Amino acid sequence: MAGNNGIPAGWRVERLAGALGAEVTGLRLNNLDEEQFDAVRRLLLEHLVLFFPNQHLEVEEHVGFGRRFGPLEAHPNLKNPYTQHPELFELAATHGGVADEWHTDLTFRQDPAVLSVLQLRRAPPVGGDTQWTSLYAAYDELSEPMKDLCDGLSALHDALPHNHPEQMAIHPVVRVHPDTGRRALYVNEHFTRRLVELNATESDTLLGYLTSWVTNPRFTVRYRWTEGTVAIWDNRCTQHFVLNDFEGERVIQRVTVMGDLPQGAQAPRWQPWVRPGRLSATSRHDRQLALFLRDQRQRALADAKTSGG
């Protein structure tokens with residue numbers, strides 16, 4: 001039974017930072033009834049990232065809990081080093097699995113991750129903390145002229161960090177969360193390549209500023225892991241970063257809920273900017289965007305022919 005604050009009896013919720021993050025104890029994630037599961041959903045919308053110590057879920061328990069949020073998908077580009085499961089993604093530090101750039105998961109997809117459920121399976125004795133940042137707070141603290149500009153822009157994302165630069169998507173720079181209606185600054189240093197409506201040098205300047213701005217310590221929370229802790233975060237309004245300051249092994253297992261289609265505060269107010277006129281040395285800065293836009297047009301024409309015929 002829930003108390004007056006909507007938190008089920010026996011649960012303890014402790015905020016960890018001003019912008020986001022809470023630790024929740026007094027429950028078992030593998031044994032939640034519908035009312036308790038709904039309480040987890042509400043807490044996630046409020047705190048953006050939740051931590052549940054001492055869970056020690058088995059793989060099938062982990063996957064089953066994740067499925068309650070929606071359809072799952074393993075990582076499209078990276079392979080599990082130890083545990084083979086079609087819906088679970090594993091990162092091991094000794095196999096190159098340290099995500100030490102700020103990012104939102106899988107933004108190079110047309111349907112990036114809705115949320116992720118991670119369990120820390122093996123922790124180093126010291127270090128290996130993870131930070132998260134609130135993209136709500138990052139947007140809210142922009143000046144009004146900067147908000148107005150960003151509201152009208154879109155950005156190109158790709159999977160270059162996974163050696164797949166051909167995997168690309170365009171998303172709004174400012175997206176609206178479908179459940180809360182709040183605006184979030186949706187660009188990250190790991191996957192975002194170009195602000196579509198600006199020329200290349202303008203994009204470099206503004207994108208560099210925005211991806212740095214979202215990491216302001218005022219917007220962040222830092223969590224020190226213990227083995228068996230489960231974290232859930234909302235990919236629609238957060239980024240995260242692993243501190244690569246440890247020795248030895250660090251293993252995480254994650255299930256990823258897919259199916260999101262980012263919606264902007266408004267449609268882009270300008271056309272994509274690709275250098276006009278003849279090719280030149282500086283045309284290389286527009287090559288990726290030009291190829292992506294060309295492929296989009298070709299797909300649209302092919303779909304039109306198919307639907308018409």
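Data for the structure
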| item | result |
| --- | --- |
| Amide hydrogen neighbours beyond the local backbone of Leu115, cut-off 5 Å, H modeled | Asn235, Val257 |
| Potential extension, Gln84-Ala99 segment - 0.36 nm per residue separation minus Cα distance | 3.4 nm |
| Normalised contact order of the stretch 16-134, rounded percent, pairs of Cα under 8 Å and 6 or more residues apart | 23 |
| Cα-based shape type of the chain, given that a ≥ b ≥ c are square roots of the gyration tensor eigenvalues and the cut on a/c is 1.5 | prolate |
| Asn54-Arg278 FRET efficiency (beta carbon distance; Förster radius 51 Å; 0.05 resolution) | 0.20 |
| Cleavage-rule hits (chymotrypsin sites (Phe, Trp or Tyr not before Pro)) in the stretch 239-309: DSSP loop, at most 15 neighbouring Cβ within 10 angstrom | Trp270 |
| Computed [θ] at 222 nm, deg cm²/dmol, the chain (DSSP H ≥ 4; -39,500 (n - 2.57); rounded to nearest 500) | -7500 deg cm²/dmol |
| Modelled FRET efficiency - R0 22 Å, His162 with Ala290, Cβ distances, 0.05 increments | 0.50 |
| Residues Glu14 and Glu35, FRET efficiency given R0 of 25 Å [Cβ-Cβ distance, rounded to 0.05] | 0.70 |
| Relative contact order of the stretch 51-200, defined on C-alpha pairs under 8 angstrom at six or more residues apart (%) | 22 |
| GluC sites (Glu not before Pro) lying in DSSP loop within the stretch 181-268, provided at most 12 other Cβ fall within 10 Å | Glu247 |
| Protection proxy ranking, peptides 275-282, 102-109, 32-39, average beta carbon neighbours within 10 Å, highest first | 102-109, 32-39, 275-282 |
| Selected from Val242, Val173, Val126 as most flexible by GNM, with the chain as the system and alpha-carbon contacts under 10 Å | Val126 |
| Along principal axes, Cα extents of the stretch 31-160, largest first, whole Å | 49, 39, 33 |
| Potential extension, Trp270-Glu144 segment - 0.36 nm per residue separation minus Cα distance | 43.5 nm |
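Computed from the coordinates by the stated procedures, all read-outs in this text should not be read as laboratory data. Since this is a predicted model, take the numbers as computed values, not measurements. Glycine also receives a Cβ, built like all others from the backbone with ideal geometry; neighbour counts cover every protein chain displayed.
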